[in-house]
Amino acid sequence: MTKSRPPGGRCRSRIRPLNRALIIALWALGVSHSHGCEFPGPIVYLSKGAHLAETPEFYWELEVKRLARDFHPKEKLDRVALMRGPDDVASDTDTAQEATSEADSADFEAALKDGEIKPPNLDVSANQHGSSREYIENVDEKSTQPLPSEFECEFADYDRGAFAFRRGNKHWDEAGKEWLTLLNRPAAERHYRTVWAAFMLGKMAMAKGDPEAVDWFEKTRQYAAQGFSDSLGMAADSYGWEARSEWKSGHPEKAAPLYLNQMALGDESAVASLKVLIPDQPQLTGTLDEQSAPLTTQEKVAAGDPLLRRVVTAHILADESGDDVFGYPNNDNSDFGPSTRWLKAVHEAHLSTVDDAEYLGWVAYMVGRYAEAQRWLDLCRYDTPAADWLRAKLELRSGRIKDAARNMEKAWSIVRNPSAYTGWTGPGGVGGTYKESEWNMTMEQWATGDLGAVRLLRSDFVQALDTFLKGGLWDDAAYVAERVLTTDELQDYVDSLPPTAAVAKPSDGMVVTTGSADTAAALRYLLGRRLVREQSYATAERYLLPPYAKLVEKYAQALKDGANETLQKEQREEAFSTAAWLARFDGMEMMGSEVAPDDFQTGGAFPSIEVARNRISGQDVEDTDGKDVTVPMPILPGRAEVRRLKENRIRPDVRFHYRVIAASLAMRAAAFMDDNTEELADALNTAGMWASDRDDKLGDRFYGVIEERCAATKIGKDVIAQHWFVDEPGPWSNALKARCDALHSQLGVQQQP
């Protein structure tokens, strides 16, 4: 009899909740977390079959530091400038004001000590100066009280100018006269406030829109170089302000080197500031009459200037390259996008020499102009990682896989270290991952993915695993370990790794993180679970977490006893029942796959992309307007990899495959039970729920056996009345739960819900 399911569909077992330790492990894995209500899972390079053919992600901050490495200003940046944000506004005004007050006090004391100023009464003069500075700090446009008098010296000149400046633009001419009076003093009388006055004259001129601001900022640095005191690092700070002045005056080509000097000094607000130099482009919508839209003056200037051209090229790549974890490309491959328009601007500049030609090659590659990419690459004068990487991509397209592997390895050896890639030796170094968001791969991960994928193409499978592991792509490494390598290859690799530290017991949480300290331990555990799937139980125990090694020993013995025809049927039934229960409720920890189909890495909470299935078919499935669209991979996996994927299938190849194994073992146990007993009905009903959640046909089989052998039992009647399995415990499940709970407690295995 064919069953009919009740309204609402099948009964589904609930996925176990993530425990606290596993959540911590996911953070350590670098897992991307929820975006809205979606969970993308860990970043997996091989999840999208097109990555190997695509342009990798370039990151603006890395590119800015790469460009700034050629600048070596002598000035030193003060902490006030470091507190400023990208809009040249102090992020902490109180702290900046405190630092200014401290510098002023120190300068005044030094001037008294070295005799540069000689007031008639030191204490009175110091009090007067302190009162003036305190008043200046609190003055605004509404203030009407005059500035307290001071002993006549450079400090008094500067303070009168600062007082006028703080009272608003109506008093700026007065401020300028005071600061110019200071600068007209003999050099010996203005050691401490010359730099300050020049800097403030520049800022005031810039606020007025006066191009003379540029001259004052240059003089600020000149005065500091001549030995005048620069207690607030204004000479260094002047680079950014001068750059801003040049930009506002319509001279982006002059602003670019100034901003890069600012960056070289360690002022990272230049990263954002440089973006203002990128030419605005017309808003193109793709109509035919826009295809020949003329270039703007800004675009022409940028294309013609050697340094600004490099800045804009880097920005185009950072803005357009790569894609997110879901595989949605960011770049616009149309003939109307920013990349093609920039290439047009560079061509029309009729250049005789081009710095960073390889980066222009990447822009051409990004929009599918491969011959043009090769031409730019041929103009590259140096052997850079970006050039090696692009060369490898183009060699792949022409089928020269061996050459591509060699060049990709050269690129990877440098790109995986941000400091080596940028050549940056400035303040702060180059740390972090420089990801625009949690949905993107780092540049290191892109390079790792490309090299690992090329090694897969060359059937260098062990090297591919090693590459993915070292480059921080754990899921890709797990895919190779579980589905591509032979068991012997994986075992040899794991055994070659340095000894790992003790792994926490499962009672403390399923700790399987894949940071540098735990990757080897995680790989050992992965191998142990694979060996269990392949029924090499004794060998598996060497690699599993200690409590689960003991549990697998019990599981293996139960399987052996169940198959032992010399034992009584009651003994065999009990053995198969125990094995079934262990497989169902400890299957993830004993034999679950790290990635698809079981996804041990997330405790089974989130399904990952079926990388193996996609690579066998040579197709990727993409979501287009809410519909799954099959897209052929531009570079197909090698035959050897596909053959191994078929040989190393996880059987059955369904999510939580161990539940099907558990159901099958329960069916074997049921063969030794008497008909129309509650024990039999409970076993078939319970196992039927396990099976139907994974395999409809197997669920039908259990339902049919209940109809044939248990129709007279209470559970059997309830199942038949509902036309499907019921969530109803019985003697078989109660006894097994109690027995296995005791075993868990004895072995120190964490209880799972």
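Structure data summary
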| quantity | calculated |
| --- | --- |
| Subset of the stretch 250-266 (residues that are crowded, with 24+ Cβ neighbours inside 10 Å, more than 17 Å from I316 (Cβ to Cβ) and in contact with a Leu (Cβ under 7 Å, 6 or more places away or on another chain)) | A255, Y259, L260, L265 |
| Some residue of the stretch 422-440 being modelled with pLDDT of 90 or more and of a type in the set (D, E) | no |
| In the stretch 272-299, the residues that are in a helix (DSSP H, G or I), out of contact with any Pro (no Cβ under 7 Å at 6 or more places or on another chain) and modelled with pLDDT of 95 or more | L274, K275, V276 |
| Residue in the stretch 463-484 that is modelled with pLDDT under 95 and among the aromatic types (F, W, Y) present | yes |
| Verdict on N734 being loosely packed, with under 15 Cβ neighbours inside 10 Å and either assigned to a loop (DSSP other than H, G, I, E, B) or polar (S, T, N, Q) (or both) | yes |
| Residues of the stretch 192-218 satisfying the condition of being over 17 Å from A162 (Cβ atoms) and surrounded by 20 or more Cβ atoms within 10 Å (Cβ to Cβ) | A213, V214, F217 |
| The lone exception for D157 - which of (1) surrounded by fewer than 20 Cβ atoms within 10 Å (Cβ to Cβ); (2) farther than 17 Å from S101 by Cβ it fails | (1) |
| Subset of the stretch 653-683 that is in a helix (DSSP H, G or I) and among the hydroxyl-bearing types (S, T, Y) - its residue that is farthest from F600 (Cα to Cα) | S664 |
| Residue that is farthest from S745 (Cα to Cα), among those in the stretch 562-592 that are surrounded by fewer than 20 Cβ atoms within 10 Å (Cβ to Cβ), among the polar types (S, T, N, Q) and touching a helix residue (DSSP H, G or I) at 6+ places or on another chain (Cβ under 8 Å) | N564 |
| D675 being closer than 23 Å to M591 by Cβ and among the acidic types (D, E) | no |
| Residues (within 20 Å of L394 (Cβ to Cβ) and out of contact with any helix residue (DSSP H, G or I) (no Cβ under 6 Å at 6 or more places or on another chain)) located in the stretch 344-361 | H347, V354 |
| Residues of the stretch 533-579 classified as within 37 Å of the chain's Cα centre (by Cα), farther than 20 Å from A662 by Cβ and not in a loop (DSSP other than H, G, I, E, B), total | 2 |
| Some residue of the stretch 738-753 being in contact with a His (Cβ under 9 Å, 6 or more places away or on another chain), more than 20 Å from A575 (Cβ to Cβ) and free of Cβ contacts under 8 Å to residues at least 12 places away in the same chain | yes |
| Any hit, the stretch 611-631, residues being more than 27 Å from G452 (Cβ to Cβ), modelled with pLDDT of 90 or more and buried (at least 21 other Cβ atoms within 10 Å of the Cβ) | no |
| Scan of the stretch 700-716 for residues that are more than 16 Å from A666 (Cα to Cα) and among the hydrophobic types (A, V, I, L, M, F, W, C), ordered by number | A711, A712, I715 |
| Out of W362, W389, W424, sole residue that is surrounded by 18 or more Cβ atoms within 10 Å (Cβ to Cβ), part of a loop (DSSP other than H, G, I, E, B) and within 27 Å of the chain's Cα centre (by Cα) | W424 |
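Conditions tested, residue by residue: (1) over 47 Å from the mean Cα position of the chain (by Cα); (2) charged (D, E, K, R); (3) part of a helix (DSSP H, G or I).
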site	(1), (2), (3)
Q145	yes, no, no
S149	yes, no, no
D157	yes, yes, yes
F165	no, no, yes
Y192	yes, no, no
A198	no, no, yes
L201	no, no, yes
E218	no, yes, yes
R221	no, yes, yes
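The values are calculated or read from the model by the stated rules, or taken from the named source; none is laboratory data. Computed from a prediction, not measured in an experiment: that's the story for all the values here. A quick note on method: Cβ atoms are made from the backbone with ideal geometry, for glycine too, and the neighbour counts reach across all protein chains shown.
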